[in-house]
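Reviewing the structure listed below.
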Amino acid sequence: MQTISDSLQKLVPQIPSHPLVSIVIPVYNEEEGLEQLFTRLYSSLDQLVIDLSVRYEVVFINDGSSDQSAAKLAAQFEKRPDTTRVVLFNGNFGQHMAIMAGFNYSHGDFVITLDADLQNPPEEIHRIVELLLKGHDYVGTIREARKDSRFRRYASKAMNQLRERITKITMTDQGCMMRGYNRRIVNLMKKSKELNTFIPALGFTYASHPIEIKVKHEERFAGESKYSLYQLIRLNFDLVTGFSVLPLQAFSLIGFFLALGSAALFIYLIFRRFIIGAEVEGVFTLFALNFFLMGVLLFGLGLLGEYVGRIYQQVRKRPRYVVMGVLEQDDQQ
């Protein structure tokens with residue numbers, strides 16, 4: 001007689017004897033560090049084949065680079081065409097859209113995302129693959145001894161805590177892009193058609209057996225971060241508004257309590273009018289309250305506009321990215 005555990009076991013995807021691991025790397029103006037990336041990455045992956053009996057492919061996505069990144073990626077494809085695929089965007093569509101394109105052009109049983117700046121060492125891929133082989137469908141990472149500026153570390157920690165309370169997505173380090181996913185999670189993310197998304201959080205929402213590990217963090221090998229302060233704020237807005245309507249609900253509560261407070265203040269002023277008589281001492285206080293309420297109102301309208309803007313972008317149904325070309329061997333397709 002078939003037991004419940006046997007039935008559940010059939011629902012778990014079976015791992016092939018020699019699984020294919022896809023490494024997805026978005027690239028945007030990283031020409032100075034690409035040669036070092038190639039050296040460390042392919043060396044680590046070749047060792048991975050020996051240690052864990054897996055196969056691998058590397059999918060680079062050139063996100064509209066204006067330097068020589070595309071040429072260096074093409075040269076690397078010529079060197080290792082058997083394990084390399086290069087997707088060339090017709091413009092800059094952003095890191096997360098580049099990763100989504102990498103998902104579409106990857107064929108692996110497991111997919112690992114990695115930045116091209118070498119802040120997350122390629123040597124850490126080995127540990128992620130081991131956990132995926134053990135049955136975890138999502139491997140999150142926590143940057144250990146971060147090399148970013150003190151301001152950025154504290155700001156990131158504060159935003160992580162705020163986002164967790166708002167979205168209820170319990171990820172320790174939401175800013176680290178080095179993560180591992182099995183094919184089921186990747187296929188679910190590919191079905192998600194929103195134009196603005198946050199890949200780590202999206203994958204986490206679909207995971208049934210996630211795990212987090214600490215990984216090393218290094219200084220950028222070359223160049224500067226591609227995320228300005230505005231882009232970081234923009235990214236956090238995408239995460240908050242893309243995974244929760246709590247901010248809108250919070251403003252409904254704020255409006256309710258402000259209305260109660262305004263009514264109480266009105267009644268208080270009426271009583272003072274009858275008891276003390278006409279007075280002008282409280283005029284500046286009323287002005288201050290008025291400006292405060294206007295600020296809250298404008299911020300609320302801006303937040304509402306954020307949600308409406310997402311709807312507007314979605315209903316236009318424009319492509320999330322445009323691929324100019326793909327460098328790959330015919331037998332890779």
What tally of residues in region 315-330 results from selecting those that are farther than 24 Å from Ala74 by Cα and either β-branched (Val, Ile, Thr) or in contact with a Leu (Cβ under 6 Å, 6 or more places away or on another chain) (or both)?
1
Glu78 vs. criteria touching a helix residue (DSSP H, G or I) at 6+ places or on another chain (Cβ under 9 Å) and within 19 Å of Gln329 (Cβ to Cβ):
no
If Phe93 satisfies every condition in (1) of a type in the set (A, V, I, L, M, F, W, C); (2) assigned to a helix (DSSP H, G or I); (3) more than 18 Å from Ala201 (Cα to Cα) but one, which is the exception?
(2)
Identify, please: which residue in region 160-187 is over 20 Å from Ile23 (Cβ atoms) and of a type in the set (A, V, I, L, M) and is, among those, modelled with the highest pLDDT?
Met171
What are the residue pairs meeting all of these: first residue in region 24-36, first residue surrounded by 18 or more Cβ atoms within 10 Å (Cβ to Cβ), second residue basic (Lys, Arg) and assigned to a loop (DSSP other than H, G, I, E, B), Cβ atoms under 6 Å, and 6 or more apart or on different chains?
Tyr28/Lys226
Return the only residue of Ile128, Ile112 being touching a strand residue (DSSP E or B) at 6+ places or on another chain (Cβ under 7 Å), modelled with pLDDT of 90 or more, surrounded by 15 or more Cβ atoms within 10 Å (Cβ to Cβ) and part of a helix (DSSP H, G or I).
Ile128
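The values are calculated or read from the model by the stated rules, or taken from the named source; none is laboratory data. The model shown is predicted, which means the values in this text are computed figures rather than measured ones. All Cβ positions, glycine included, derive from the backbone under ideal geometry; neighbour counts span all protein chains shown.
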